[in-house]
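The values are calculated or read from the model by the stated rules, or taken from the named source; none is laboratory data. What you are looking at is a predicted structure, and each value in this text was computed from that prediction instead of being measured. When we count neighbours, we look across all protein chains shown, and the Cβ atoms used for this are built from the backbone with ideal geometry, even at glycine. The area values use the complete protein model at the heavy-atom level, side chains included, leaving out ligands, DNA and RNA. Shrake-Rupley method; radii C 1.70, N 1.55, O 1.52, S 1.80 Å.
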Amino acid sequence: MSEPVTFRSRAQELEQEFGSHPLIRAVNFHSTSLGQTAHYDRQLGEYARAFSSVNEDELREYLTTGAWHKAKPGLIVSVFEGYRNSYEVLTPLIEKHGFVGWYWVITGFINTAVPQQLDYAEHHDIDMLTHEYRDGRYALTWDELRRLDGKRHVIACHTRSHMLLSGMDAATRREEVLGSQGEFKKHLGHPVRSFVSLTGPAYGEDPTTDRLVEEAGFEFVFSNFRIQRIRAA
Amino acid sequence: MTKPPRTLNRRETLLAVAGAFSAGVSLPAWARRLSLTRDAERPLSNAPSGDAVERHLREDLARLGERAYSDEGIPVFLACVNVAAANAHRAPVQPPLFSQSIAAQLRANGAAWLHINPEAPATDISKLIEVLAERDFGRLGKAGA
């Protein structure tokens, strides 16, 4: 039997990993309500004074060589779930301050009909402090995602339904990974390269999910403490 | 990630810790000047003693306990690991001094957290990473403290 994971063992493992690999800074946004616009603007403005944008090619180079070639260190601006306010509130600020947004999209959320989106969010761990859209649309649309994609932001996969993969049967799990990738191919015209699932298990922690992630063709797996490049381009 | 990051457990833990240590601790202004470094952070020889690390950690956890995870941008660090088979034969990438500094800070603060809470669950490591990231480029930036 393997030893139980304790705080001490986890800390030692992570200390070893952090000390032996390049680190990158990231900031994780979820719902970005209109009322917080000035706050986000200040936050991203502060970051822009000290950090550079990161796209997937730059990330690949950094993972491969450990060398960073921009004048300022990189900052990954992650935007989770696929909220409408990501597009309407945060995206203009990301662009104003010269960053690349990494949009982690739950395809089931944006595929949900508008009248059901709030209910879907409530049942899929998609948190919102505010409900400010009277028309009921709380998710991004594929048109908006295509525009983001066209502007060189990163569109990335956050599974189909934002549920724990480890508890799913094989067919459902396959849909969560390969099915969602298929939707990106259909709507964006190309596969996406980066993947993360709910709670952020790393590549190597679950062989079943690993096989699906490989089959779907993802290059990067993000998790709570690391980014893994799992395939050569 | 977090939600590479899922953060609910972190929030709950931070709130619990904040409840214990928040007396007399005021929330610092967000827009403090960032304590950003390209590479080297504070040298290990200048690292604070165990008591100081613990006191600092208690204060910072209390400060972070008040934030709304679903409505804020949360700073984190991510280790960049290349496991692509085609690169497996390559020599390991030399980590920057920055990586080693953050690892050292994690060691010191992890020990402090175990002293504060000997029964700490493994999941508490997430909030330590958040504290370190907030100190480096977030609202706990040292330059403004």
Does A:ALA156 count as within 13 Å of another protein chain (Cβ to nearest Cβ), part of a helix (DSSP H, G or I), at pLDDT 95 or above and open to solvent by less than 20 Å² (accessible area, probe 1.4 Å)?
-> no
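How many residues does the range A:101-123 contain that are touching a strand residue (DSSP E or B) at 6+ places or on another chain (Cβ under 9 Å) and open to solvent by 20 Å² or more (accessible area, probe 1.4 Å)? Let's see the steps before the verdict.
From the range A:101-123, those touching a strand residue (DSSP E or B) at 6+ places or on another chain (Cβ under 9 Å) are A:101-107, A:109-112, A:114, A:117, A:120-121; that's our starting set.
Those still in the list that are open to solvent by 20 Å² or more (accessible area, probe 1.4 Å) too: A:111-112, A:114, A:120.
Final tally of qualifying residues: 4.
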Would the range A:192-206 turn up any residue that is in a helix (DSSP H, G or I), away from chain B (no Cβ under 14 Å) and open to solvent by less than 60 Å² (accessible area, probe 1.4 Å)?
-> no
Has the range A:16-29 got any residue that is open to solvent by 30 Å² or more (accessible area, probe 1.4 Å), in contact with a Pro (Cβ under 8 Å, 6 or more places away or on another chain) and within 11 Å of chain B (Cβ to nearest Cβ)?
-> yes
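On the given criteria, is A:TYR133 open to solvent by less than 40 Å² (accessible area, probe 1.4 Å) and under 28 Å from A:ARG42 (Cβ atoms)? Let's see the steps before the verdict.
Numbers: open to solvent by less than 40 Å² (accessible area, probe 1.4 Å): yes; under 28 Å from A:ARG42 (Cβ atoms): yes.
So A:TYR133 passes the test.
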For A:TRP68, all conditions in the list (1) buried (at least 21 other Cβ atoms within 10 Å of the Cβ); (2) hydrophobic (A, V, I, L, M, F, W, C); (3) at pLDDT below 95 hold save one; what is the number of the exception?
-> (1)
Yes/no for A:ARG147 being surrounded by fewer than 22 Cβ atoms within 10 Å (Cβ to Cβ) and either outside any loop (DSSP other than H, G, I, E, B) or charged (D, E, K, R) (or both) | yes
Pull up the range B:81-113, narrow it to residues that are modelled with pLDDT of 95 or more and facing another protein chain (nearest Cβ under 7 Å), then point me to the one that is farthest from A:ARG60 (Cα to Cα).
-> B:GLY110
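Can you name the residue in the range A:30-44 that is open to solvent by less than 20 Å² (accessible area, probe 1.4 Å) and in a helix (DSSP H, G or I) and, of all such residues, is farthest from A:LEU90 (Cα to Cα)?
Our first condition is that a residue be open to solvent by less than 20 Å² (accessible area, probe 1.4 Å); within the range A:30-44, this holds for A:30-33, A:40, A:43-44.
Filter once more, so that each one left must be in a helix (DSSP H, G or I): A:40, A:43-44.
Values: A:TYR40: 7, A:GLN43: 11, A:LEU44: 10 Å.
Going through the qualifying residues, I end up with A:GLN43.
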Considering only residues that are small (Gly, Ala, Ser) and free of Cβ contacts under 8 Å to residues at least 40 places away in the same chain, look in the range A:180-199 and name the one that is farthest from A:ILE106 (Cα to Cα).
-> A:GLY189
